[in-house]
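The values are calculated or read from the model by the stated rules, or taken from the named source; none is laboratory data. Note that the structure is a prediction, hence the values are computed from the model and not measured. Every residue, glycine among them, receives a Cβ derived from its backbone with ideal geometry; neighbour counts consider all protein chains shown.
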Amino acid sequence: MTIGFIGLGNMGRHMARNLLDAGFSLTVHDVREEAAEEHLLRGAAWASTPAACAAEVDVLITMLPTPRIVEQVLLEGGAADALREGALWIDMSTSTPEVARRIDADRLAPRGVRAMDAPVSGMAKGAEAGTLQIFAGGDPADFARALPVLRAMGAPERILHVGPNGAGYTVKLMINLLWFSHLVAASEVLAMGVKAGVSLDVLRTSLLASPAASHFLDSDMLSVLERGDYDDSFAMVLACKDLGLAVDLGRDVGVSTELSALVEQIYRRAKSRYGELAGEMSPVRLYEELAGQEFRLATLTVPVATVDSGAPVDPAPAA
Ligand code: NAD
């Protein structure tokens, strides 16, 4: 099977490399030609335009920043018109059902070209390890055909067929919306608690032992809490794009989005303050400023107090 791949950024570069390692014949394209260096060394062919990347392939994958760029590459860049009858376009970008539907209806379906959406989660480290979670929207027959390709980039048990065309984008936007909301809620709680005098370690341990525990606080936030790493591999500009698309979707389907809109505004404020390329967890820093301290765990685990005596027990060393 021959594959064209457009968009060799933080995610796409690893995904394309994993396709090569799985033995697929690959043609690649990106506006930054240097992004393809590692792929050309591994035997990929270079295409200087989106159209050249799409011509002759069985499957075209796009992994691009925004819906507008997806549209640009497929329409103005000529990729849609270059795809052959029977070829399959898989958009793995976090984009919107509406853009893909328009491209499909106007330029692909009338010529017998197939389309599906398959956005991902799992961050750049999941892309690198080939363990992405993939949410595919499309016809079951197209999903079956795409499966060997998707398996080269994602963990088999995490590749889900979530519904017809567009469903993959929707699921992905809802995941990011909830995750960003967790981040804002957890940060606000930590800021308040530490400002009120409770140590960060005690507060976090108590929250994790309570019904308010969350996977975000338990696991995802550790990069900040342990290393001050706000995840530069996913830029704030893209996080804000996803939140905007999610709020737009709420408007389109007539669901009010009070909380989501607020989270979007907080993200936009953090983007203005720390920059478009700052990591996706940068809004935590807004709350660190409010708390007057960085959120970093101490090296020792939290002293445990018994309910009966309230007396602190010696802290145990960290595992
Ligand atoms: P990125 O900005 O790092 O990479 C995008 C790539 O597209 C770049 O190499 C860029 O040069 C290329 N590009 C831009 N315009 C182009 C054009 N007109 N023609 C050809 N190439 C063009 O973005 P990313 O972090 O890899 O994210 C890609 C998509 O995946 C986005 O939709 C993002 O929301 C989504 N996503 C990202 C992550 C993450 O952790 N980074 C996780 C899940 C999903």
Practice problem: Go through segment 251-287 and give me each residue that's of a type outside the set (Gly, Ala, Ser) and either touching a strand residue (DSSP E or B) at 6+ places or on another chain (Cβ under 6 Å) or outside any helix (DSSP H, G or I) (or both). | Solution: VAL255, THR257, GLU276, LEU277, GLU280, MET281
Self-check item: Contacts under 7 angstrom Cβ, first residue in segment 45-71 being in contact (Cβ under 8 Å) with a residue 40 or more places away in the chain and over 16 Å from MET15 (Cα atoms), partner near the ligand (Cβ under 9 Å from one of its atoms) and of a type in the set (Ser, Thr, Tyr), 6 or more apart
Solution: PRO67/SER95
Quiz item: Name the pairs whose Cβ atoms lie under 7 Å apart, with the first residue in segment 284-303 and not assigned by TED's automatic domain parsing to the domain that holds ARG227 and surrounded by fewer than 19 Cβ atoms within 10 Å (Cβ to Cβ), the second among the small types (Gly, Ala, Ser) and at pLDDT below 95, and 6 or more positions between them or separate chains?
Solution: THR299/ALA318; LEU300/ALA318; THR301/ALA316; THR301/ALA318
Quiz item: Taking the condition more than 16 Å from ILE90 (Cα to Cα), in contact (Cβ under 8 Å) with a residue 12 or more places away in the chain and more than 12 Å from the ligand (Cβ to nearest atom), does ARG42 pass?
Solution: yes
Quiz item: When you go through LEU150, LEU183 one by one, which is the residue that is modelled with pLDDT of 95 or more and assigned by TED's automatic domain parsing to the domain that holds LEU217?
Solution: LEU183
Quiz item: Only one residue in ARG102, ARG13 is outside any strand (DSSP E or B), more than 10 Å from the ligand (Cβ to nearest atom) and charged (D, E, K, R). Which one?
Solution: ARG102
Quiz item: Taking only pairs six or more apart or across chains, which ones have beta-carbon atoms under 9 Å, a first residue in segment 81-106 that is farther than 15 Å from ILE69 by Cα, and a second residue that is surrounded by fewer than 24 Cβ atoms within 10 Å (Cβ to Cβ) and hydroxyl-bearing (Ser, Thr, Tyr)?
Solution: ALA82/THR49
Practice problem: Please find, within segment 105-124, the residue that is farthest from the ligand (Cβ to nearest atom) out of those that are farther than 21 Å from VAL149 by Cβ and of a type in the set (D, E, K, R). | Solution: ARG111
Quiz item: For segment 18-44, how many residues meet the condition of being in a strand (DSSP E or B) and touching a His at 6+ places or on another chain (Cβ under 9 Å)?
Solution: 2
